[in-house]
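The values are calculated or read from the model by the stated rules, or taken from the named source; none is laboratory data. Note that this is a predicted model, so its numbers are computed, not measured. Here the Cβ is made from the backbone with ideal geometry for all residues, glycine too, and neighbour counts use every protein chain on show.
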């Protein structure tokens with residue numbers, strides 16, 4: 001009973017139409033054949049058996065050969081029997097009709113690949129159940145049909161075949177029907193539910209039926225080639241779908257970015273809230289410590305007033321210090337100017353000192369000669385006189401050099417003049433003392449000789 005109520009799934013697929021090659025227009029017409037492939041599936045969408053129904057336009061012919069590997073062939077129009085051969089079937093018909101049908105069961109079902117594979121599942125009141133538990137059940141029966149493109153199908157099938165998934169529900173035995181995205185058409189007491197899938201697309205179709213005693217006529221999947229205009233429409237629809245998907249991706253990215261920004265803003269708001277809480281704590285602490293801060297603030301203001309009064313008394317002292325610094329700056333500038341001017345006379349001072357050194361050296365040599373000659377018995381009055389004259393000349397030159405040096409020193413600043421003058425005076429005094437001593441010795445020796 002349950003088997004009758006839950007019938008097998010049926011796939012009517014690959015409704016193909018093709019014409020055998022024809023000769024030139026002057027030749028007689030040839031046999032034309034079209035075929036449909038019917039595949040029965042179990043309750044869950046797995047294929048169980050395959051049948052091919054062929055329709056033939058005889059065009060006046062009563063004999064023809066169909067090349068194919070068939071296990072069985074059945075005549076569906078006349079009582080003529082086929083002749084099965086290896087990889088072919090031969091027909092010789094006794095009929096005056098133009099249209100002829102026969103059914104073939106192929107040997108190799110693996111070579112027939114549908115554009116889609118199907119996976120059918122069932123739920124009773126929202127709970128997954130096996131198919132046989134739905135037959136005669138009371139409640140809401142849900143059928144989910146998952147259509148997945150078959151990668152082993154030919155490119156023609158994958159790119160050109162459209163899918164129509166349909167079922168019929170007898171509303172005299174059902175309470176409700178819900179099929180999101182489907183076209184629902186009333187046909188007597190039945191409601192026909194049809195879903196459509198585009199070539200190469202994966203889809204999931206859902207049908208919910210409320211019933212007190214569920215039964216189903218099964219699912220029928222039609223796969224048929226699309227027309228040229230339909231393909232153009234499908235191409236446009238596919239482009240629109242791609243754009244919608246891209247727009248959805250962009251929208252998702254934008255929403256994700258917006259959520260990230262909102263999270264960052266939330267973090268900033270949390271930090272701001274913490275900061276405001278801290279400020280409020282400081283405000284409360286200030287209010288609490290106001291009694292302590294006010295006396296301290298008054299004391300600080302009094303101290304500032306006192307400091308202002310003392311600062312006023314410092315202004316005359318600062319002005320006096322400013323004048324002193326100005327005078328000191330002028331004096332320093334004058335000293336620097338004098339030193340710069342004195343720098344030009346330094347070479348002259350060096351020359352005078354060298355001349356003095358030379359004169360003193362000559363005097364020392366002269367005294368040495370006098371010492372040597374004094375011991376020599378050959379000294380005469382004339383030679384002594386000549387030596388005295390030479391000594392007098394050297395002393396005169398030394399005096400002149402010392403006078404020039406003294407005049408130059410008078411032009412130097414007082415402090416520099418004092419230091420240089422003191423050293424030179426000491427040095428000249430020492431040299432003069434030595435020279436006087438030598439003259440005294442000379443006079444004593446001259447007196448001893450009766451000069």
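Quick notes on this structure:
- Some residue of segment 271-287 being more than 30 Å from residue 121 (Cβ to Cβ), in contact with a helix residue (DSSP H, G or I) (Cβ under 9 Å, 6 or more places away or on another chain), modelled with pLDDT under 75 and surrounded by 11 or more Cβ atoms within 10 Å (Cβ to Cβ): no
- When we screen 63, 86 for residues that are surrounded by fewer than 13 Cβ atoms within 10 Å (Cβ to Cβ), at pLDDT 90 or above and either farther than 26 Å from residue 160 by Cα or in contact with a helix residue (DSSP H, G or I) (Cβ under 8 Å, 6 or more places away or on another chain) (or both), the only hit is 63.
- Which listed residue is more than 26 Å from residue 214 (Cα to Cα) and in contact with a strand residue (DSSP E or B) (Cβ under 7 Å, 6 or more places away or on another chain), from 87, 108, 72: 72
- Taking segment 75-84 as the range and being within 17 Å of residue 107 (Cα to Cα), touching a strand residue (DSSP E or B) at 6+ places or on another chain (Cβ under 6 Å) and in a strand (DSSP E or B) as the test, only 83 passes.
Yes/no per residue for (1) surrounded by 19 or more Cβ atoms within 10 Å (Cβ to Cβ); (2) under 30 Å from residue 58 (Cβ atoms):
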{"position": "102", "(1), (2)": "yes, yes"}
{"position": "121", "(1), (2)": "no, no"}
{"position": "144", "(1), (2)": "no, no"}
{"position": "148", "(1), (2)": "no, no"}
{"position": "152", "(1), (2)": "no, no"}
{"position": "163", "(1), (2)": "yes, no"}
{"position": "173", "(1), (2)": "no, no"}
{"position": "196", "(1), (2)": "no, no"}
{"position": "209", "(1), (2)": "yes, no"}
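- Hits in segment 29-69 - residues which are touching a strand residue (DSSP E or B) at 6+ places or on another chain (Cβ under 7 Å) and over 30 Å from residue 219 (Cα atoms): 31, 32, 57, 58, 59, 62, 63, 64, 65, 66, 67
- Of the residues making up segment 123-132, just one is loosely packed, with under 15 Cβ neighbours inside 10 Å and in a helix (DSSP H, G or I), namely 132.
- Number of the exception - residue 151 against (1) free of Cβ contacts under 8 Å to residues at least 12 places away in the same chain; (2) part of a strand (DSSP E or B): (2)
- All positions within segment 89-100 that are surrounded by 11 or more Cβ atoms within 10 Å (Cβ to Cβ) and part of a loop (DSSP other than H, G, I, E, B): 93, 95, 98
- Among residues of segment 161-219, those that are closer than 18 Å to residue 131 by Cβ, touching a residue at least 60 places away in the same chain (Cβ under 8 Å), touching a strand residue (DSSP E or B) at 6+ places or on another chain (Cβ under 9 Å) and in a loop (DSSP other than H, G, I, E, B), counted: 5
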